[in-house]
Amino acid sequence: MNHFVEQISSDKAAVRIDVYGGPEREHIVEDDTFLSYRLAMVKFSKEVTKECPGIIWNYDKKVKNIAYTGGQLILDGFWEEGELNKIMVSMLAGEMDKNSLHPMHSSSVRYRGKTILLVGGENNHGKSMSQLEGCRRGGSIFSTETTVTDDTGLALYGSKNVYIRKRAKGTERTDLPNQDEGVAIFFDKEPELKNYDEPCNIDLAILPSIDGHFATQVSRMIVFEACYQTYHSLMNFFGLNQLLCGETGLVMPIIDTDARRQERGRFCKRFAEGRPYYLIRAKTPQLLFDEVDKILDTL
């Protein structure tokens, strides 16, 4: 029986994956597009540092199943590449959380000497287009889909893929907007994209809401609203709403604990109290960023 071992990591967080059976392989997945898009700085390595596997995949089992027990995720049977990508996102995010690395569903742009966090929040309407507008005005990308902070709220690093144009089986989403179409609607040409890679304080958090019918509205968010939207952005990675396989109805098991959830809530409170949060509704990213400029003039 083949026994393949590989480790995925982001900074100091790592998950070991052991595969028993199945064909010989070079990597756990050949297509890691979704994993790389959803999490930041993910590395694959044959040099394993974890003594125990976080994921055990019994490839040759005849009945497909998933279970989380004793701190390990057990997979039975054949799993599609996209399904594995989603599983690895949740498991690695959990390890990041244990290591005081907080992946947040958000974009961020370095603009006018400040770092602006564009929060995905509950509805996720417009963070990517808002970021592109910030770049059009001379800003730089710090993160695109995920921003990783430490316990103090310092932004350490982030994902850099602006678009996801390929989705492996198990990650298909026809309901999500075509990003190229969005760029064509709001911009005469794609803005120049420059990266900013130095760790930085997040000076301002914006919850963008772009809809062609919205009148412009700017609202300073109270601490509860800011915590609520931040918590949604953190919990986005833990798979609580993830259906993994439509054919079998299998869902992502609960890999979280009450203690970690409570600590995550306390982090949200500290983070929300540490910087101003605004909701900005606008018809276009240009109108939205006009309001961002006004707010920056007051900081």
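I'm told residue 44 meets every condition in (1) within 28 Å of residue 144 (Cβ to Cβ); (2) out of contact with any Asp or Glu (no Cβ under 8 Å at 6 or more places or on another chain) except one. Can you identify the failing condition by its number?
Of (1) within 28 Å of residue 144 (Cβ to Cβ); (2) out of contact with any Asp or Glu (no Cβ under 8 Å at 6 or more places or on another chain), only one is false for residue 44: (2).
When you check residue 87 against the structure, is it crowded, with 23+ Cβ neighbours inside 10 Å and either more than 16 Å from the chain's Cα centre (by Cα) or not in a loop (DSSP other than H, G, I, E, B) (or both), yes or no?
Numbers: crowded, with 23+ Cβ neighbours inside 10 Å: yes; either more than 16 Å from the chain's Cα centre (by Cα) or not in a loop (DSSP other than H, G, I, E, B) (or both): yes.
So residue 87 fits the description; yes.
If I go through the range 5-36 residue by residue, how many of them are open to solvent by less than 30 Å² (accessible area, probe 1.4 Å), more than 21 Å from residue 61 (Cα to Cα) and either in contact with a His (Cβ under 8 Å, 6 or more places away or on another chain) or outside any strand (DSSP E or B) (or both)?
Pass one, the range 5-36, residues open to solvent by less than 30 Å² (accessible area, probe 1.4 Å): 6-10, 13-15, 17-19, 21-22, 28-29, 31, 34-35.
So of that shortlist, the ones also more than 21 Å from residue 61 (Cα to Cα) come out as 7-10, 13-15, 31, 34-35.
Cutting the leftovers down to either in contact with a His (Cβ under 8 Å, 6 or more places away or on another chain) or outside any strand (DSSP E or B) (or both) gives us 31, 34-35.
Result for the range 5-36: 3.
Would you check if residue 43 is in a loop (DSSP other than H, G, I, E, B), of a type in the set (Lys, Arg) and open to solvent by 50 Å² or more (accessible area, probe 1.4 Å)? So that I can check it myself, show each step before the final result.
Details: in a loop (DSSP other than H, G, I, E, B): no; of a type in the set (Lys, Arg): yes; open to solvent by 50 Å² or more (accessible area, probe 1.4 Å): yes.
No; evaluated as a whole, the condition is false for this residue.
Looking for whichever is in contact with a Gly (Cβ under 6 Å, 6 or more places away or on another chain) and closer than 30 Å to residue 63 by Cβ here; the options are 106, 90. Which one fits? Reasoning before the result, please.
Numbers: 106 fails: closer than 30 Å to residue 63 by Cβ.
Just a single option satisfies the conditions, and that option is 90.
Working only within the range 70-82, note down all residues that are at pLDDT below 95 and either outside any helix (DSSP H, G or I) or open to solvent by 10 Å² or more (accessible area, probe 1.4 Å) (or both).
From the range 70-82, those at pLDDT below 95 are 70-71, 80-82; that's our starting set.
Within the range 70-82, 70, 71, 80, 81 qualify.
Give the residue that is farthest from residue 146 (Cα to Cα), with candidates limited to residues of the range 14-25 that are of a type in the set (D, E, K, R) and under 26 Å from the mean Cα position of the chain (by Cα). Before the answer, list the steps.
Taking the range 14-25 and keeping what is of a type in the set (D, E, K, R), we get 16, 18, 24-25.
Remaining after also requiring under 26 Å from the mean Cα position of the chain (by Cα): 16, 18.
Details: 16: 22, 18: 27 Å.
So the residue we want is 18.
Please work out which one of (1) at pLDDT below 95; (2) of a type in the set (Lys, Arg); (3) open to solvent by less than 80 Å² (accessible area, probe 1.4 Å) is the condition residue 189 fails and give its number.
Evaluating residue 189 over (1) at pLDDT below 95; (2) of a type in the set (Lys, Arg); (3) open to solvent by less than 80 Å² (accessible area, probe 1.4 Å) leaves (3) as the failure.
The values are calculated or read from the model by the stated rules, or taken from the named source; none is laboratory data. On a predicted model such as this, the values are computed, not experimentally measured, just so you know. Note that each Cβ is placed from the backbone with ideal geometry, even for glycine, and that neighbours are counted across all protein chains shown. In case anyone asks, the SASA skips ligands and DNA or RNA and just uses the protein heavy atoms, side chains included. Shrake-Rupley method; radii C 1.70, N 1.55, O 1.52, S 1.80 Å.
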